[in-house]
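Any read-out appearing in this document is the output of simple, stated calculations on the displayed coordinates, not a laboratory observation. Keep in mind that what you see is a predicted model, and the values were worked out from it rather than measured. Because the Cβ atoms are built from the backbone with ideal geometry, glycine has one as well, and the counts that use them run over all protein chains shown.
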């Protein structure tokens, strides 16, 4: 927790003030400059670090802290997962397992689905909630033997550490109560002759008004006043509290309020006997009225009770057609509100529906650009990737064709490869391939190793086919494009870099077996490659630690080479930029009410201002109709001031009939209407064409148009001089 706390404070930019000891930033009063680089070794006139460079370094450190923090929270104790070390990020996308949505990649169909919604949880996390029918997993999955809902919620999270997927389902019953009858709020009723009169699930009036006969009545027998009531002398017809009050008053007379009255005797009524009898009569009268009202209402059809239906469970979900029909109803304009019900429940239980989370929680604009950004984000690697070439040189081989034609090596060479990495089959490999093909043109297997931070694949020359000139040429292309080469040479002469001519091969690590489990390792680099470890030039290494040291040296060499590339970015920097692009360019800023309505139903309900035939914008996440943006503005302008004034004229051509108002028509399309008014407009205002110059329009025409305008339109009054 200490490391997580430190990383969190670095990520959010907080300083620790809890511990006074240890390293701390000196105050300005102390005779120390915290920005000094070296004492009296650099000219004082040299410029210091620029503010822009300092800001970039601070931003890089913050991003590193966020990446490490996200990585530890997601993968600490979980790596490798059941699918193996080759996959650190999930391959699940939004349309997987969704009925009526079948596609190889993300498409715009997910925007019109009523059970899919995309959110921006924070500036570095993109979430998707998908409601699915229960999947039939082998053995029942993790919910085997449990009674769950017939729908489940899938949560997809995209962040700096990759993409993760969870499936959540509501648990109804545990296995120990599986055989018991599942009842929620059901009331037992007797099946007698009156069942047809009151209905199958109605309640008799006496069931909630009359007093049950099995309740204990007032005790008719008392103990002796000097006997303390306890468990040994208790009986069903004895009142423990009444006898206890009697015992206290008998043994402790000082507790009595009045010596003439015992503690267990009822007190005098606070009111007179007449008022008390009147209150009792009023209560009984009200009871009789309620009983009679209940008897009358029991015969009404609207008050007949219906049988309480059980919640859909997983076992009953297969026989019910509920889920597929909800998605099919979207095309006909009917949005099923239950298609996102489980997601709404999980959204609320996670505390995301509160106002305090509204500052960071937003919807995303459902556009094609968002799909491209999500595809690009899913195609990015969540770990550092490296590819290294491994070449075997047999005794006496000094040319390229003979070296690349080797289809195997010595026993020591094969042991070195076995210890270097895991042998994986390329056909079913889901991790980093480094350009190798799954069809078998570059071999069937390859050494591969992965941690939670990096992936490395080795292009082994003896694993690739090389029996024809074409295959040798293909092998040369793969090996020549690698920046780090590992050569196992059993030739008596040293291996030359120009044997396989290539523009790459910036680092050459050559291993010469010496016998007696000793090996000579040489490291040759180009001049622009900075220093790296772990092995150094002309090192003597034992065979039992050779593979691990060579692998670590190759990875360090690849990292050192990449630092010299211009505009090179780490994998987490590239992913952070992609997340920032999605957040900044595709965030849908809405009001809280509109946001909650999209949580309730991902598909926007049709707007009352929408005319039939208009298209929806934002793939269902924006306004319901945008065929003519000026229509809504004109309607809002003309909706004010509809109250008739005394001097306001009543023109029949601007009146709206009751039948037209019921159909949603805002004006009559009569022949007297001006030809400038379109039939599709919801505003009675004529459409005017704005000229390029206001001075060129005659005043007379303007005055005439003002007189022909509807009474609701604002008229400008001119002042005569």
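Could you sort the peptides 427-434, 227-234, 73-80 by per-residue average Cβ neighbour count (10 Å cutoff), highest mean leading? Could you put the intermediate results ahead of the total?
Working: 427-434: 15.8, 227-234: 11.1, 73-80: 13.1.
Put in order of decreasing packing, that is 427-434, 73-80, 227-234.
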remark   = Taking the alpha-carbon centre of each part, the distance from segment 87-144 to segment 429-502 in Å is 37
request  = Pairs of Cα atoms under 8 Å, at least six residues apart: use those to get the relative contact order of segment 383-562, whole percent.
outcome  = 23
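Take the Cβ-Cβ distance between residue 137 and residue 411 as r, set R0 to 56 Å, and report the resulting FRET efficiency rounded to the nearest 0.05. Before the final figure, lay out the partial values.
Numbers: r = 45 Å, r/R0 = 0.81.
So the FRET efficiency works out to roughly 0.80.
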task = Divide, for segment 383-562, the radius of gyration over alpha carbons by 2.2 N^0.38 Å, where N is the residue count.
result = 0.96
query = What ranking, highest mean first, results for peptides 450-458, 584-592, 541-549, 471-479 when packing means the other Cβ atoms within 10 Å averaged over each residue?
reply = 450-458, 471-479, 541-549, 584-592
note = When 166, 422, 488, 355 are ranked with the fewest other C-beta atoms within 10 Å first, the list becomes 355, 166, 422, 488
task = Write down the percent of antiparallel bridges among all DSSP beta bridges whose residues are both part of segment 383-562, to the nearest 5.
result = 50
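Using 1/(1 + (r/R0)^6) with R0 = 35 angstrom and r between the beta carbons of residue 359 and residue 564, what's the FRET efficiency to the nearest 0.05?
The calculated FRET efficiency here is 0.25.
Under the 0.36 nm per residue contour assumption, what length would be gained going from the current alpha-carbon distance of residue 14 and residue 577 to full extension?
Values: separation 563, 0.36 × 563 = 202.68 nm, distance 2.32 nm.
Extra length from residue 14 to residue 577 when fully extended: 200.4 nm.
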remark   = The simple spin-label model distance between residue 59 and residue 528, using points 7 Å out along Cα→Cβ, in nm, is 2.6
